[in-house]
Amino acid sequence: MRNTNNFRLSFLIANLFLLFSAFLFLVLHLIDADTFMLSGSFIGFFLVFQYLFIFLLVYYRVEKFVQKKVTQIYTDLAPSDQTTKSQIIKTDMEALSKSLKKFASDRKLEIELLKDQENYRKEFIGNISHELKTPLFTIQGYILTLLEGTVKDKKTRQKYLKRTSKGVDRLIYIIRDLDLITQFESGVKTIDRKAFDIISIINTVFELLEIQAVKSKISLELDREYKQPIWVYADAQRISQVLTNLLTNSLKYGVEHGTTEVSIKNLTEDKILVRVTDNGEGIEKDHLPRLFERFYRVDKSGSRFQGGSGLGLAIVKHIIEAHQEKIFIESTPGVGSEFSFTLQRATQKQIEAQEIER
């Protein structure tokens, strides 16, 4: 488009000069035919030469002018760490045009990302303030009541102190989990890999959550009896935390007399897939992309009776990614949910090295 416009402008100006010169020759000939008696071939050659000269001159100068202005605009807009190939700018305006379009597209994308980050930051600050103020106000209320001395009954005082202690525990959970996520994001927290039996870890987590499962009236089960150990190469403590968080989450939002099942599937020769499946409430599709965000809750009522820090799934995601593995989720409202993640199988050499350490 730019080259077409440049050509049209040059063509127009050259034609104007041609008409002006022809008109000038005609006027001079009429004024004094003897003095300005020139041959037709000379006049024709002169007019053609003038036409081409004017056309090329205007075309070249306009081209250089546009190049200079666009290059200046590009230089002013481009960030300081971005270098432009001067040779391309001088000789290939088409490449410069593509570069400018890409630059504009990148800047638009960058602005959109900044807006998304700003919205996320505002939402995160709102969420964390809400998470912190709930236990803080609880603690403050009970402590002020006790300080005023209006509670004389010893049992009531003990009850208030216990509730205050629960509020403190909740603050500790939030701060601890935030610190853990920060360490993973900054790369400070390392993964201590070793060979271990994932079935043994699952059974241990089942035992730890047995009381909670009974209260929730939900069964914790393996999909079948595993007579042989399944050795994986990962951080046993962190994988135990992943399983604990996923199972705890399933118990919180499961249905009475429901079932939460853990199964192991062979994915590839050196990978397994650990699946945590329940027949609970399920999750709407719109919530799935944001489910692993910090403090994101599907239940927007703001209820905190279920406890926890609101960071369980965010921690799960960070631990799995720190292992350079993948985590997946599938859910259907009213049917249930499935969280699954991959783990690397332990080699025979890694298993033998672990047996020696024992």
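Structural remarks
- Summed residue charge, Cβ within 12 Å of residue 341's Cβ, Lys/Arg positive, Asp/Glu negative: +3
- Legend: distances between Cα atoms for 152/217; 215/349; 285/349; 154/252; 102/271; 252/285; pairs beyond 31 Å are 152/217; 215/349; 285/349; 154/252; 102/271.
- Sequence ranges 333-345, 167-179, 207-219, ranked by mean other-Cβ count within 10 angstrom, highest first: 333-345, 167-179, 207-219
- Sequence ranges 350-356, 137-143, ranked by mean other-Cβ count within 10 angstrom, highest first: 137-143, 350-356
- Shape call, region 129-235: gyration tensor on alpha carbons, a/c limit 1.5: oblate
- 15 Å cut-off, amide nitrogen to a point 7 angstrom out along residue 228 Cα→Cβ, residues in region 194-216: 197-199
FYI, it's all coordinate maths here, none of it is from the lab. In this text the structure is predicted, and so the values were computed from the model without any measurement. Neighbour counts are summed over all protein chains in view; Cβ atoms, including those assigned to glycine, are modelled from backbone coordinates with ideal geometry.
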